[in-house]
Amino acid sequence: MMQQPVIYSVNGPVVKVRNTNVFAMMEMVYVGKRRLIGEVIGLTDLETTIQVYESTSGLQTGEPVEPTGAPMSVTLGPGIMTNIFDGIERPLRALEHASGAFIGDGLDVPILDTEKEYDVDVKVKAGTMLQPGEAYASCPETSAILHLCMVPPNLSGKVVYAAKSGKYRINDEIIRLEDADGAVHSLTLCQKWPIRRARPAAKRLAPSRPMITGQRVLDTLFPIARGGTAAIPGGFGTGKTMTQHQIAKWCDADIIVYIGCGERGNEMTQVLEEFTALTDPRTGKSLMERTVLIANTSNMPVAAREASIYTGITLAEYYRDMGYHIAIMADSTSRWAEALREISGRLEEMPAEEGYPAYLPSRLSEFYERTGAYETLNGREGSVTVIGAVSPQGSDFSEPVTQNTKRFVRCFWGLDKALAYARHYPAINWTMSYSEYMDDLAAYYEREVDPKFNAYRTELSALLKEEQTLMDIVRLIGSDVLPEDQKLVIETARLIRVGFLQQNAYHKEDTYVPLQKQFLMMKLILHFHHKAKALLAEHVDLKAIRESGVPDLIVKVKYDIPNSRPEQFGELTQQIDGTLDALRGRKKEVL
Amino acid sequence: MSLQYFGLHSISGSLIVLDRVEGAQFDEMARIVLDDGTERTGRVAMLEGDKAILQVFEGTHGLSLTNTRTQFTGRPMEMPLSGDLLGRVFTGAGRPADGLGEVMPEKFGDINGAPLNPVSRQYPRNFIQTGISSIDCLMTLIRGQKLPIFSGTGLSHNKLAVQIVQQAQIAKDSGSEFAVVFAAMGIQNDVADYFRRSFAESGVLQNVVMFLNLANDPIVERIITPRCALTAAEYLAYEKHMHILVVMTDMTAYAEALREFSSSKGEIPGRKGFPGYLYSDLASLYERAGIIEGVEGSVTQLPILTMPNDDITHPVPDLTGYITEGQIVLDRGLEQGGVYPPISVLPSLSRLMKDGIGEGYTRADHAAVSNQLFAAYAQVQDARSLASVIGEEELSELDRKFLEFGKYFEKCFLTQGFTENRSIEETLDLGWTLLSLLPKSALDRVDDNVLNAHYDPEAAALLVQKVRERDG
């Protein structure tokens, strides 16, 4: 009989056990008499190192540590949607019920509601052969999401028993499966999966379709593909969280996994409140019906913060396997990296840059590489897109987390303090940001929006770029010395910045803009530019163009033309043409 | 009587190590009695085998390996709590410092608190009128918010904090009582005295709980000072149902104490020598602001920190800004230009403002006027930097208008007296009047209807005339 392993040392969230060999790497364990949840993160012949996901206050040396024989896992099944979990998938509403407004320790609550009955449609009969990942039943999880119960990816075999369709709870047996070795497995509505292992899929697909966010600067200038990765770095107050909220509310993903990783408690409350109240424009139901929140706020245990992004992406992969498109908002990956650093420090590992462990880049890449568009094991198509906020220390983009993230994401939406101070929102800096998906998605834009879309986008970027060069001169010697056509570039760029890039999240029409309208707005601005350029060539004064009221009209288009009335752009273009043509007679005095 | 341990294994900085210890708990408190009868308090910072490593709050001077008896209490650091805390003064470790004797506890509270469940929180929405135009209009304080003041040495942050405490209508129309919890960390005696005097003069002293860890007090005590203060605040808020404003100054001194303590434990440093867990540590304080759904009472935090060398990217203001819901930034240039309160508008921000202003909270046009003021003032800065290159005469007419707007904005809007208490209506009207100095076409952040209702160049001209007469 092996001796029961006991605690040898306690240092913050790190607990060590000596002289035992019962544990496995990444195994979940119960620590102490209060049975706190922990995970094995280091093994030597002498010591086992465990990180504890709850407060270790009050632990004593000599208290028992209990192995579970399973790696740190999440429970996957109906009841995940609309829920709010902590970093290790403990439901916060149930915790509130168990311990009140403040979160206690060692609470044992079921992950998913075990009493709720679902209308289950069993799709198989006894004798059916099932492959890994194949669906054997389905049930409406919320009004927006149909849940598929799938054979776990590491299992296949013949159905030896199938329940009748009807009402079942998540732990009721639905089928029994006999595998090739003759072992019989009972499958319910839910299954477990280790959080640090990617769920397998049949085939990775190339990115070909954008995830449409309704945010002009993103969709038009720096688009992200379904299954893509993006980072939003920015100092505090530049609008990282705001941008993520906007994307979560409006993007065309089927499901949103919102991970509040080491961020503010009030922000999670806000998401919960707002998303419950908002209606999803596509389903007409509450946004919360297709959302799951992972809230491990900055004052909750740091080890659970480290786990939270893995929990989030595992949930996302599970729904991807049902054929859904999922967008993960991770706010903020810097807090996750700091959790990694904190635990690494407690383990007395040799630090690399700024105290971060040397394995920071490999952990980051592991996480971001779990995204992508896939053909699932059951032949469906699903994707996981990650948008990770980065909070660089001192707004310094050269710090390790930003730099390493940049290497593994393909979209970079850099937020700019100067723009935020000027209340230019979203404060995405158009010279610093980029998207590597542009070429992958070009065909989609040409096919679905307009054949000229990509050409217009290139012209728009070029104008912004030229403005930047010109402004360097203006800052030195004033704008008077510039020739008229260059002054026009500055004027047009202003229209692009104010009329196109700035977007008002609190305005009914402007908070979400369909691609078609984005295209028409872009077209209108460029039309004005070409027309005005032609007029300048005929010696019409730029001042007259500026004061004709046309620029004001263009700036206000975003509010004046409703999203549902794109045909009004035609009328407006005619009106603008008329006004500008009338200027022709008033030529500038040529000296 | 529980076990007493004679002597120590070793001493290092503020840490002591005991060996052959049985049954010590992580994070529990211990009493250390010296041979001369004096007593100190320690907390278990680490357990390893039969060794316990303790941090000693009063410092380790005078301790030897043989002159102590240590006794574990079996409880974490706790603070006696009762409604009688009001009007009392405590040391940074939560012991009475006003000679009025011990508090008769109604209960004891663990000073580390527990994380507030995000689903139990109520999203803060109630506007607190501070009577200070720049704050009320541009970075509105909300009940349950944490809004720090980023200042520098020698700036008037203390004066501003006192003015906010005196004028804040935090409990207006809720029928609850209002009280202040004041935590001083590493500040000078004079400053602590200034706060005490100011509270006394304004007659709020009976509603203030003070925790004083002064510049010459031990640094380990400084680490628990804000925790004691917040435990008292949470008790008064959630169990006595009061609206509590917690003023904590100076957070930089707190963070430096943490750094000193961390380095004495031999931990691996992060940026500028601060420990890697500085973010989590600060968050464990700031996140204790809030409102619980269904419970009357609130904790609002107003931490003050001095930015070393006025550097906003220093780890303390930087990490604070990432946790708090906005910041009020003070500016040395404005202070030197005679502007009080010297609030630098552009980098300042209140994140909770958007949901706590407008119809039903302040006034329907609040968002419009504040957005436009921000945008216009940003353009003032552009015009100023251009003027410094090419000269004011060379500026376009519009840019010159912006310069004028900037001047009067700082003179009339930012500047106000220490006792001047402006209502939100006055503040918003003043904002519109100042914006009317600019041509209508330059006000592109506002809907035309709103603009037409408030645009009033005559009032603007009158204001300019008044200021000119006042300044001779």
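The values are calculated or read from the model by the stated rules, or taken from the named source; none is laboratory data. These figures come from a predicted structure and were not determined experimentally. Note that we place each Cβ from the backbone using ideal geometry, even for glycine, and neighbour counts take in every protein chain shown. We work out accessible area using only protein heavy atoms, side chains counted, and drop any ligands, DNA or RNA first. Shrake-Rupley method; radii C 1.70, N 1.55, O 1.52, S 1.80 Å.
Listed by position, the helices (runs of 4 or more DSSP H) inside the stretch A:503-591 whose residues that are within 30 Å of B:Asp355 (Cβ to Cβ) and of a type in the set (S, T, N, Q) number at least 1 are A:515-537.
Selection of the stretch B:402-437 for residues being in contact (Cβ under 8 Å) with a residue 40 or more places away in the chain and of a type in the set (Lys, Arg) yields B:Lys411, B:Arg422.
Checking each residue in the stretch B:141-167 for being polar (S, T, N, Q), under 20 Å from B:Ala253 (Cβ atoms) and either assigned to a strand (DSSP E or B) or touching a Pro at 6+ places or on another chain (Cβ under 6 Å) (or both) picks out only B:Ser151. Being touching a Gly at 6+ places or on another chain (Cβ under 8 Å) and surrounded by fewer than 24 Cβ atoms within 10 Å (Cβ to Cβ) is the filter here; which residues of the stretch A:377-391 pass it? A:Leu377, A:Asn378, A:Arg380, A:Glu381 - these are the residues of the stretch A:377-391 that are touching a Gly at 6+ places or on another chain (Cβ under 8 Å) and surrounded by fewer than 24 Cβ atoms within 10 Å (Cβ to Cβ).
Taking A:Asp108, is it part of a loop (DSSP other than H, G, I, E, B) and surrounded by fewer than 18 Cβ atoms within 10 Å (Cβ to Cβ)? Yes; evaluated as a whole, the condition is true for this residue.
Considering A:Gly585, A:Gly578, A:Gly499, A:Gly570, the condition of being surrounded by fewer than 16 Cβ atoms within 10 Å (Cβ to Cβ), among the small types (Gly, Ala, Ser) and under 40 Å from the mean Cα position of the chain (by Cα) is satisfied by A:Gly570 alone.
Looking at B:Thr300, B:Thr231, B:Thr252, which one is closer than 15 Å to B:Gly186 by Cα and open to solvent by less than 30 Å² (accessible area, probe 1.4 Å)?
B:Thr252
Of B:Asp399, B:Asp444, all but one fail to be within 14 Å of chain A (Cβ to nearest Cβ), closer than 28 Å to A:Asn504 by Cβ and part of a helix (DSSP H, G or I); the exception is B:Asp399. For B:Lys107, the conditions (1) assigned by TED's automatic domain parsing to the domain that holds B:Leu214; (2) more than 30 Å from A:Glu96 (Cα to Cα) all hold with the exception of (2).
Name the strands (runs of 3 or more DSSP E) wholly inside the stretch B:26-71 in which the number of residues that are more than 14 Å from every other protein chain (Cβ to nearest Cβ) is 3 or more.
In the stretch B:26-71, B:28-34, B:39-48 are the strands (runs of 3 or more DSSP E) which contain 3 or more residues that are more than 14 Å from every other protein chain (Cβ to nearest Cβ).
If we scan the stretch A:47-54, do we find a residue that is in a loop (DSSP other than H, G, I, E, B) and open to solvent by 20 Å² or more (accessible area, probe 1.4 Å)? Within the stretch A:47-54 (the criterion being in a loop (DSSP other than H, G, I, E, B) and open to solvent by 20 Å² or more (accessible area, probe 1.4 Å)), the answer is no, since none of the residues qualifies. Restricted to the stretch A:356-373, and to residues there that are within 14 Å of chain B (Cβ to nearest Cβ) and open to solvent by less than 10 Å² (accessible area, probe 1.4 Å), the residue that is nearest to A:Ala201 (Cα to Cα) is A:Leu360. Taken over the stretch B:284-314, the residue count meeting the criterion of being part of a helix (DSSP H, G or I) and within 13 Å of the chain's Cα centre (by Cα) is 2. With the condition kept exactly as written, say whether any residue in the stretch B:236-247 is within 13 Å of another protein chain (Cβ to nearest Cβ), open to solvent by 30 Å² or more (accessible area, probe 1.4 Å) and part of a helix (DSSP H, G or I). Yes, there is a match, as at least one residue in the stretch B:236-247 is within 13 Å of another protein chain (Cβ to nearest Cβ), open to solvent by 30 Å² or more (accessible area, probe 1.4 Å) and part of a helix (DSSP H, G or I). All conditions but one from (1) farther than 22 Å from B:Gly321 by Cβ; (2) open to solvent by 10 Å² or more (accessible area, probe 1.4 Å) apply to A:Asp396; the one that does not is (1).
Listed by first and then second residue, the pairs linking a residue in the stretch B:386-401 that is assigned by TED's automatic domain parsing to the domain that holds B:Ala460 to a residue that is among the hydroxyl-bearing types (Ser, Thr, Tyr), with Cβ atoms under 9 Å apart and 6 or more places separating them unless they lie on different chains, are B:Ser396/A:Ser479; B:Leu398/B:Ser441. If I ask for residues that are surrounded by fewer than 17 Cβ atoms within 10 Å (Cβ to Cβ) and part of a helix (DSSP H, G or I), which ones from the stretch B:192-206 would you list? Answer for the stretch B:192-206, where residues must be surrounded by fewer than 17 Cβ atoms within 10 Å (Cβ to Cβ) and part of a helix (DSSP H, G or I): B:Asp193, B:Tyr194, B:Arg197, B:Ala200, B:Glu201, B:Gln206. Contact map, the stretch A:53-71: residues that are within 14 Å of chain B (Cβ to nearest Cβ) and on the phi > 0 side of the Ramachandran plot paired with residues that are part of a strand (DSSP E or B) and of a type in the set (A, V, I, L, M, F, W, C), Cβ distance under 6 Å, separation 6+ or inter-chain. Pairs shown: A:Gly62/A:Val6.
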